[in-house]
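**Q** Just dropping this structure here.
The values are calculated or read from the model by the stated rules, or taken from the named source; none is laboratory data. Because the structure is predicted, anything quoted here is derived from the model rather than measured. Here the Cβ is made from the backbone with ideal geometry for all residues, glycine too, and neighbour counts use every protein chain on show. The area values use the complete protein model at the heavy-atom level, side chains included, leaving out ligands, DNA and RNA. Shrake-Rupley method; radii C 1.70, N 1.55, O 1.52, S 1.80 Å.
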Amino acid sequence: MRRRRGPSRAEKQEQTRGALLRAASKLFCKRGLEGTSIDEVAEAAGYTKGAFYANFKSKEELFLVMLDERFAKELERIDRTLSGTDDPETEARLAAAEFIHFASDDDWPRLYFQFAAHAARNEEFRQELATRQQAMGERLVEVYERWTKQFEIDPPLPIADIAAMTYFMADGFLVDRLIEPGLDEELYPTMLSVFLCGLSAMASGWEPAAEFAAPTRSAR
């Protein structure tokens, strides 16, 4: 009878890393970054402080790893949903609904905005966070560019501006849901549908009144 192989060293390290990330997420949500120590994260995960430093240099680096993994999952989901096989408005509404549902399904919004507040007080961390957000924005632009190739008319604004606007709308909605948890999830997909209808109208020749027109990001 063959002996059952135990987990490899790499598998054990992955298990340790995952446990530390989960423990940190819960503690950061309760106490914030500054109110949580590395010792507390290690203890909550069932490991030593040495195990923490074997995987992460600092609490800030641990969070940035969380951010990278979360962004990767969201981008993969958006790319899959915006497949170009259905009506554009239907796909966009579904992508928006899924984003809000999954983003609101755990403590992620509270965690993310706590770290945004930390970034406002820590310039080095702010730069790291900005680098991650810029990378996500660039990847989102790639997804949108691939998706919009199916349209019969060209987008009326640079894709980078459209991607940024949808990102801003999502951030604002998630902030409001932290304050008012009872907000209907359908509001965000509806808002995005209205936004896309406006873009479609602009692409067809309609122009907003001059007093409402604003310069694009690329023109600033």
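**Q** How many of the residues in segment 80-93 are surrounded by fewer than 17 Cβ atoms within 10 Å (Cβ to Cβ) and either outside any helix (DSSP H, G or I) or touching a residue at least 60 places away in the same chain (Cβ under 8 Å) (or both)?
**A** Residues meeting the conditions: 7.
**Q** Provide a single number: the residues in segment 172-190 that are modelled with pLDDT of 85 or more, open to solvent by 60 Å² or more (accessible area, probe 1.4 Å) and of a type in the set (A, V, I, L, M).
**A** 2
**Q** Continuing with the same structure: Among helices (runs of 4 or more DSSP H) lying entirely in segment 96-183, which contain 1 or more residues that are of a type in the set (Phe, Trp, Tyr) and under 17 Å from residue 78 (Cα atoms)?
**A** 123-148, 159-179
**Q** Tell me, which residue of segment 55-65 that is closer than 19 Å to residue 10 by Cα and of a type outside the set (Lys, Arg) is surrounded by the most Cβ atoms within 10 Å (Cβ to Cβ)?
**A** Only one residue tops the list, namely 62.
**Q** Under the condition of being under 19 Å from the mean Cα position of the chain (by Cα) and open to solvent by less than 30 Å² (accessible area, probe 1.4 Å), which residue from segment 19-31 is nearest to residue 56 (Cα to Cα)?
**A** So the residue we want is 21.
**Q** Can you tell me which condition residue 153 does not meet? The list is (1) open to solvent by 70 Å² or more (accessible area, probe 1.4 Å); (2) of a type in the set (A, V, I, L, M); (3) touching a Pro at 6+ places or on another chain (Cβ under 8 Å), and all the others hold.
**A** (3)
**Q** In the list 193, 218, which residue meets the criterion of being assigned to a helix (DSSP H, G or I), touching a helix residue (DSSP H, G or I) at 6+ places or on another chain (Cβ under 9 Å), at pLDDT 85 or above and of a type in the set (S, T, N, Q)?
**A** The unique qualifying residue is 193.
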